[in-house]
Amino acid sequence: EDRKPARQVEAAALISLGVEYQNTTLGPPVAALERAIACYRAALTVYTREEWPEHWAMTQNNLGAALRNQGTRTGGAQGARLVREALAAYRAALEVHTREELPQHWATTQNNLGNVLQEQGTRTGGAEGARLVGEAVAAYRAALEVHTREELPQGWAMTQNNLDRKSTRLNSSHVALS
């Protein structure tokens, strides 16, 4: 119990370090992303869902972003595994980042979920890939319910751009499957 404040400071430092690794332009991106992932996973040993749900969800979201970026850079089975882990991290974050409790966080996580679903759909291909891209479109549309043009124009523009790109791919997939 006496170590709890020190552990919180440690977890916050790990998250900050993870963000720095994730955003660095120095050195190989894959190595930096591996370090970011390790930092986020270590922070999650302190920021548990039970004790620190909002910090836990934010860290899950950061972990999802790092895993998705790493998965995008990595081919084959390893890349596919990383993308699946990113999907799981975003879905975990949405358990806390609910629309009712934290609508802006929820919308941002929905947008991120859409990105990883699109990546997974592209990797999967065929009818299953088209289904996943369709889930991505649904996630973007959900995010746009909060990221409105009037209330949050930057979030709206980012999500709308993602939706436009994915809708085009989904329509192409349907044509290819016909």
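Observations, loosely collected:
- Test: P28 is at pLDDT below 95, under 30 Å from R123 (Cβ atoms) and not polar (S, T, N, Q): yes
- If the condition is being open to solvent by less than 60 Å² (accessible area, probe 1.4 Å) and more than 17 Å from A66 (Cα to Cα), then the range 13-49 contributes V46, Y47, T48.
- Selected residue [open to solvent by less than 50 Å² (accessible area, probe 1.4 Å) and touching a residue at least 40 places away in the same chain (Cβ under 8 Å)] from G125, G71: G71
The values are calculated or read from the model by the stated rules, or taken from the named source; none is laboratory data. Predicted model, so just to flag it, every value in this text is computed and none were measured. Cβ sites come from the backbone with ideal geometry, for glycine too, and all protein chains shown count toward neighbours. Keep in mind that these areas ignore ligands, DNA and RNA; they rest on the heavy atoms of the full protein, side chains included. Shrake-Rupley method; radii C 1.70, N 1.55, O 1.52, S 1.80 Å.
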